[in-house]
Amino acid sequence: MLLRHTTKEIKERKALTVNPAKTCQPIGAMYAALGIHNCLPHSHGSQGCCAYHRSTLTRHYKEPVMAGTSSFTEGASVFGGQANLVQAIDTIFTVYDPDVIAVHTTCLSETIGEDIPQIAKKADADGKIPRGKFVIHANTPSYVGTHVTGFANMTKAMVDYFAESNGRKIDQINIIPGYVEPSDMEEIKRIVSELGIKSVMFPDTSNVLNRPQTGRFDMFPKGGVTVEALKSAGDSRATIALGRLASGPAARALDSKCKVSCEILDLPIGLAATDAFVDTLRKIGGVSVPESINTERGRMLDIITDMHQYFYGKKVGLVGDPDQLISLAEFLVSIDMWPVYIVTGTQGKKFESRIKEITRDVPHEVKVVSGGDMFLFHQWVKNEPVDLMMGNTYLKYISRDEDIPFVRFGFPILDRVGHSYFPTVGYRGGMRLLEKILDALLDRKDRDSAEESFELVL
Amino acid sequence: MAPSKTNSAIENESIDPNELKAELVAKYPTKVGRKRAKQIVVNKVGECGEVPEIGANARTIPGIITQRGCSYAGCKGVVLGPTRDIVNLTHGPIGCGFYSWLTRRNQTRPDGPEDANFMTYCFSTDLQDEDIVFGGEKKLRQAIREIYENFKPKAIGIFSTCPVGLIGDDVHAVAREMKEELGINIFGFSCEGYKGVSQSAGHHIANNGLFTHVVGLDDTVREGKFKINLLGEYNIGGDAFELERIFDEAGITLVATFSGNSSYDQFANSHTADLNTIMCHRSINYVAEMMEKKFGIPWIKVNFIGAGSTAKSLRKIANYFEDEELIERVEKLIGEEMVEVEKVRLEIKSRCEGKLAMLFVGGSRAHHYQDLFSEIGMKTVAAGYEFAHRDDYEGRGVLPDIKIDADSRNIEELEVEADPERYSPRKSEEALERLEAKGFRFKDYDGMMPEMESGTMIIDDISQYETEKMIEVYKPDIFCAGIKEKFAIQKKGIPMKQLHSYDSGGPYAGFKGAINFWREIDRMVNSKVWGYMKAPWQKAPELTATYAWE
């Protein structure tokens, strides 16, 4: 057994986290910053933070992930990292020449109280920031929130530093896509443009973390939201923020800074959430939904009606991030699956009440915890197994030990490809999710059926 | 089958390495360039193997885009990570524990289904802001109690992350207190990420901790005529399993491995071995030095990467024991293993000979893997370490000349004395003299540079910019580094082999490992996929044909 020490008996833990269902803020900030065009993320802390974040993102995307670090030593930790950051800014602009350096802090630099804007000011006064170039920052202490918070904070920093309003509205809307895959961001953009709506999306990691093999390496690839586009976000007609936790803060900041009204929606994963997204787009954009979108919706619905017998009453265990889990749980309930265990490592009371509301009519006890871990999740599974689990790659250890089908969903996925190329948002993404769920369930059925009931047609 | 190490200039004579060095350095701000100039060296091997001085184990320049990680990674991730039955508790915010959870491909094989294996678990105190403000010791104590209640391990290691040192949590005091309370071995490591200048500091801290708290706790002398420890072997991709097989067949008893496929009991008992053999000199030489002083166990440098190197290292071990039967058994084993090895080597050499490699990785791998490449006729045109010191480049002869800077001084150097009861020199003075007269060298390592050709480029702590430039200039057939470097290099159309984690491969150590590695390199450098970068219409954009229906 891979997790041979996990027992059925659940003992209360107050201080110990085992097999976390979350990681720390800075990696989310780094991921968000990669969604700015010509931007180099920079980690203000020890080297290890940057190395760990780059490694994890690289394993997840199988793509180059470039970022700088302030390389704190013991001396810098005592006397402050100003000299380190000023030197980093100088070296980065001289050697790598990005348009933007997006600095995020770490538990080290937060504990000693580093003031990034003051240091950036010093670097500017020393002539280390070339004209027309920017150093932006987000505070991302690792001991507050999770990787989702870090993503939200860096996305908000894009608004704080760039969005401006010159009073004349532009015929475009802002889309804040949430902590989703580059493929999802691409799909969200496609849906918006399918409705004939112009948009600015930020961050945008498509064509950054799913770039093609061309025989060339570009330090700064084609993708990412430009500074110019970010500036124009202050004059957009409205903002649609997808995912309360990851996108809410930036949307609200844009509202208070530039008076751009916002709609904060669930991530468009599954039928109802995608319906809500498309309907909101239609209303805000003053357009009618084209037939092409109706066709996509109809196809997704067709899979659900055709294969409903395999979804019905199946118990599912979910581990992941709040924004994703809310939409996913709602989707599963809508196709008559029963999400019975739902664990996120990200704290939040609203999450639990929202999940309870979504699963109200599930005819089974539903256990939900925010601020939980995969050890607890595994213990639940040991007490009463489920038919399917969905979550990041770490779930495969539980899947193998307990012999339960498993669909990879969320972050990080370290052992399969696809997530960066094929979306799970929108109707097309929903079709992909349904296909994955069916594959897992039906492969299991084929494996476990007695010979006499092994069937050709399913 | 000695690897051919000629001193001829590298084939591509149009490249002037000194000019290239000047070009690399010129890109940086002046001060930065001056620092980098010390760490970029054009190799020149003198008649007695003397090489130029290189700057190493120096602070990384902020913003340069380094390969390096931190002290915590070296301590928890590298040295202690591969031991299966110690619960490794990360004391800090969640990230550090999360990122070092199962990501290094250390394999382990517990003796039976009931035996402990905590390597699939991640344990953390997950410090929150109130802990940073009020201190995390209380939470640490409670977490240790909860580990004990849930897992009943025989030992717990506590690993400090950056904020722990800054807020002044005394992990060592908590460890002592909880050891008393729970009656199991508990020890702490002050391996905060800001200690030292790279992972290397963490290795040293881990060595000190293991030596102080675990080594020597169990005096049981195991059976076996030829008892050794293998140090600096981390069982990436199953390396340790292949080496265990070889030792077993040679009749050599492996008491402990630090730390591939290891257990707590092996460490506790490791001082009963009669020889320490060192693979990764950088990460573990401290333990060998301390064991020699305290228990009288001599150490030798070995290298089991490369078939020829494996044979050489086995002979070295057999010669140390001066036992005819062992020497014969080792020769017989080498003879048997080499049949298949030679067959594969020659086949693959026919496809790889003359191709160029670059290795920028680790603290020993950039050296060791050159043997595997040279055995199939591939040349290493440039190499460098991520976190090694000057002695790993230039040989241990430079040790007295290495200046101790502020960053190194912060890492504790243990005062070790001979154990009054258990110190016992494994070899008499006469035996040592006899061996040395025959050319046997103890506690010696020549380093990487004397074994590389003159004119090759040696770059310490290579940056992203330098990596790209080196590829553009030399156009190597393969580049070896780590996961962060991998895809930027492959995007350029050059295969990149990870030598930290081996990508998905391994074992690469020992005889079977050599075969695996050669087949992997053959796959990579001769793969068709690198030829598909241009679509037909990109190769011949001119439209000359007519429509089929015309």
Within segment A:23-44, the residues that are in contact with a strand residue (DSSP E or B) (Cβ under 7 Å, 6 or more places away or on another chain) and either outside any strand (DSSP E or B) or within 8 Å of chain B (Cβ to nearest Cβ) (or both) are A:PRO26, A:ALA29, A:MET30, A:ALA33, A:LEU34, A:GLY35, A:HIS37, A:ASN38, A:HIS42
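Name the strands (runs of 3 or more DSSP E) wholly within segment B:453-500 that hold at least 1 residues that are within 17 Å of B:ALA26 (Cα to Cα), away from every other protein chain (no Cβ under 11 Å) and touching a Pro at 6+ places or on another chain (Cβ under 9 Å)?
Values: elements: B:457-459, B:478-481, B:496-498.
So the answer is B:457-459.
Does at least one position in segment A:66-84 carry a residue that is in contact (Cβ under 8 Å) with a residue 60 or more places away in the chain, in the same structural domain as A:MET154 (by TED's automatic domain parsing) and assigned to a loop (DSSP other than H, G, I, E, B)? First the steps, then the outcome.
Taking segment A:66-84 and keeping what is in contact (Cβ under 8 Å) with a residue 60 or more places away in the chain, we get A:66.
Add one more test, that the residue is in the same structural domain as A:MET154 (by TED's automatic domain parsing), and what stays is A:66.
Of the ones still in play, those that are also assigned to a loop (DSSP other than H, G, I, E, B) are A:66.
Checked segment A:66-84: at least one residue is in contact (Cβ under 8 Å) with a residue 60 or more places away in the chain, in the same structural domain as A:MET154 (by TED's automatic domain parsing) and assigned to a loop (DSSP other than H, G, I, E, B).
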Those residues of segment B:179-221 that are more than 26 Å from B:ASP274 (Cα to Cα), within 13 Å of chain A (Cβ to nearest Cβ) and touching a residue at least 60 places away in the same chain (Cβ under 8 Å) come to a total of 12
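Taking A:ASP124, is it at pLDDT 95 or above, among the acidic types (Asp, Glu), surrounded by fewer than 24 Cβ atoms within 10 Å (Cβ to Cβ) and more than 16 Å from A:GLY80 (Cβ to Cβ)?
Working: at pLDDT 95 or above: yes; among the acidic types (Asp, Glu): yes; surrounded by fewer than 24 Cβ atoms within 10 Å (Cβ to Cβ): yes; more than 16 Å from A:GLY80 (Cβ to Cβ): yes.
Taking the combined requirement at face value, the residue satisfies it.
Restricting attention to segment A:255-271, and to residues there that are assigned to a helix (DSSP H, G or I) and in contact with a helix residue (DSSP H, G or I) (Cβ under 6 Å, 6 or more places away or on another chain), which single residue is farthest from A:GLY429 (Cα to Cα)? Write out each step before concluding.
Start the filter on segment A:255-271 by keeping residues that are assigned to a helix (DSSP H, G or I), which leaves A:255-258, A:271.
Then keep just the ones that are in contact with a helix residue (DSSP H, G or I) (Cβ under 6 Å, 6 or more places away or on another chain); that gives A:258, A:271.
On the way: A:CYS258: 33, A:LEU271: 10 Å.
That would be A:CYS258.
State whether one or more residues within segment A:312-330 are under 24 Å from A:ILE240 (Cα atoms) and surrounded by fewer than 18 Cβ atoms within 10 Å (Cβ to Cβ).
At the first step, the residues of segment A:312-330 found to be under 24 Å from A:ILE240 (Cα atoms) are A:320-330.
Still in the running and surrounded by fewer than 18 Cβ atoms within 10 Å (Cβ to Cβ): none.
Taking every residue of segment A:312-330 in turn, none turns out to be under 24 Å from A:ILE240 (Cα atoms) and surrounded by fewer than 18 Cβ atoms within 10 Å (Cβ to Cβ).
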Based on what the data block shows, is A:GLU110 assigned to a loop (DSSP other than H, G, I, E, B) and either more than 7 Å from every other protein chain (Cβ to nearest Cβ) or not acidic (Asp, Glu) (or both)?
no
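State all residues of segment B:257-272 that are touching a strand residue (DSSP E or B) at 6+ places or on another chain (Cβ under 7 Å) and surrounded by 24 or more Cβ atoms within 10 Å (Cβ to Cβ); if no residue qualifies, say none. Walk me through it before giving the result.
So in segment B:257-272, the residues touching a strand residue (DSSP E or B) at 6+ places or on another chain (Cβ under 7 Å) come out as B:257-260, B:262-264, B:266-267, B:269-270, B:272.
Those that are touching a strand residue (DSSP E or B) at 6+ places or on another chain (Cβ under 7 Å) and surrounded by 24 or more Cβ atoms within 10 Å (Cβ to Cβ): B:THR257, B:PHE258, B:SER259, B:GLY260, B:SER262, B:PHE267, B:SER270.
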Open item on the list: Checking the structure you have, find out if any residue of segment B:281-299 is under 27 Å from B:ARG104 (Cβ atoms), touching a Ser or Thr at 6+ places or on another chain (Cβ under 9 Å) and without any contact (Cβ under 8 Å) to a residue 60 or more places away in the chain.
Closed with: no
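Looking for something assigned to a helix (DSSP H, G or I) and touching a residue at least 40 places away in the same chain (Cβ under 8 Å) - is there at least one such residue anywhere in segment A:94-103? I'd like the intermediate steps shown before the answer.
Kept after step one, since they are assigned to a helix (DSSP H, G or I), are these residues of segment A:94-103: A:94-95.
Pick out the ones that are also touching a residue at least 40 places away in the same chain (Cβ under 8 Å) and you get none.
The answer is no; no qualifying residue exists.
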Considering residues that are out of contact with any helix residue (DSSP H, G or I) (no Cβ under 6 Å at 6 or more places or on another chain), of a type in the set (D, E, K, R) and crowded, with 17+ Cβ neighbours inside 10 Å, the number found within segment B:437-460 is 3
(message) Any residue that is more than 24 Å from the chain's Cα centre (by Cα), at the interface with chain A (Cβ under 9 Å from one of its Cβ atoms) and in contact (Cβ under 8 Å) with a residue 12 or more places away in the chain - is there at least one of those in segment B:103-114?
(response) no
| message | Tell me yes or no: at least one residue of segment B:141-151 is part of a strand (DSSP E or B), touching a residue at least 12 places away in the same chain (Cβ under 8 Å) and at the interface with another protein chain (Cβ under 8 Å from one of its Cβ atoms). | response | no
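Yes or no, residue by residue, for (1) without any contact (Cβ under 8 Å) to a residue 60 or more places away in the chain; (2) of a type outside the set (Ser, Thr, Tyr); (3) outside any helix (DSSP H, G or I); (4) in contact with a helix residue (DSSP H, G or I) (Cβ under 8 Å, 6 or more places away or on another chain):
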residue: B:ALA357; (1), (2), (3), (4): no, yes, yes, yes
residue: B:GLY363; (1), (2), (3), (4): no, yes, yes, yes
residue: B:HIS368; (1), (2), (3), (4): no, yes, no, yes
residue: B:ASP371; (1), (2), (3), (4): no, yes, no, yes
residue: B:THR380; (1), (2), (3), (4): no, no, yes, yes
When every residue in segment B:77-98 that is at the interface with chain A (Cβ under 10 Å from one of its Cβ atoms) and part of a helix (DSSP H, G or I) is compared, the one farthest from A:HIS44 (Cα to Cα) is B:GLY77
Residues in segment B:156-167 that are out of contact with any Asp or Glu (no Cβ under 6 Å at 6 or more places or on another chain), within 14 Å of another protein chain (Cβ to nearest Cβ) and either buried (at least 24 other Cβ atoms within 10 Å of the Cβ) or under 21 Å from B:GLU413 (Cα atoms) (or both) total 6
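Just one of A:VAL78, A:VAL86 is within 11 Å of chain B (Cβ to nearest Cβ) and modelled with pLDDT under 95; which is it?
Numbers: A:VAL86 fails: modelled with pLDDT under 95.
Answer to the selection: A:VAL78.
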Considering segment A:8-22, residues that are at the interface with another protein chain (Cβ under 7 Å from one of its Cβ atoms) and assigned to a loop (DSSP other than H, G, I, E, B), and then whichever is farthest from B:VAL87 (Cα to Cα), we arrive at A:LYS22
If we ask which residues in segment B:46-76 are more than 9 Å from every other protein chain (Cβ to nearest Cβ) and farther than 23 Å from B:GLY168 by Cα, their number turns out to be 13
In segment B:179-208, residues that are surrounded by fewer than 24 Cβ atoms within 10 Å (Cβ to Cβ) and either under 19 Å from the mean Cα position of the chain (by Cα) or not polar (S, T, N, Q) (or both) total 8
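Counting only residues that are of a type in the set (D, E, K, R) and either crowded, with 20+ Cβ neighbours inside 10 Å or at pLDDT below 95 (or both), how many does segment A:223-250 have? Before you say what the answer is, go through the steps one by one.
Restricting attention to segment A:223-250, the residues satisfying the condition of being of a type in the set (D, E, K, R) are A:228, A:231, A:235, A:237, A:244.
Retained after the next criterion (residues that are either crowded, with 20+ Cβ neighbours inside 10 Å or at pLDDT below 95 (or both)): A:235, A:244.
The total comes to 2.
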Assess whether A:ALA51 counts as being at the interface with chain B (Cβ under 7 Å from one of its Cβ atoms), buried (at least 24 other Cβ atoms within 10 Å of the Cβ), out of contact with any Phe, Trp or Tyr (no Cβ under 8 Å at 6 or more places or on another chain) and among the aliphatic types (A, V, I, L, M).
-> yes
Here the residues within segment A:38-48 that are in contact (Cβ under 8 Å) with a residue 24 or more places away in the chain and crowded, with 24+ Cβ neighbours inside 10 Å are A:CYS39, A:LEU40, A:PRO41, A:HIS42, A:SER43, A:HIS44, A:GLY45, A:SER46, A:GLN47
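Say we look at segment B:108-140 and pick out the residues that are among the β-branched types (Val, Ile, Thr) and outside any loop (DSSP other than H, G, I, E, B); which of these is nearest to B:ALA240 (Cα to Cα)? Even if it seems obvious, please write down each step before you answer.
Start the filter on segment B:108-140 by keeping residues that are among the β-branched types (Val, Ile, Thr), which leaves B:108, B:120, B:125, B:132-133.
Filter once more, keeping what is outside any loop (DSSP other than H, G, I, E, B): B:132-133.
On the way: B:ILE132: 40, B:VAL133: 44 Å.
Ranking the qualifying residues of segment B:108-140, first place goes to B:ILE132.
The values are calculated or read from the model by the stated rules, or taken from the named source; none is laboratory data. Predicted model only: the values in this text are computed from it and were never measured. Cβ sites come from the backbone with ideal geometry, for glycine too, and all protein chains shown count toward neighbours.
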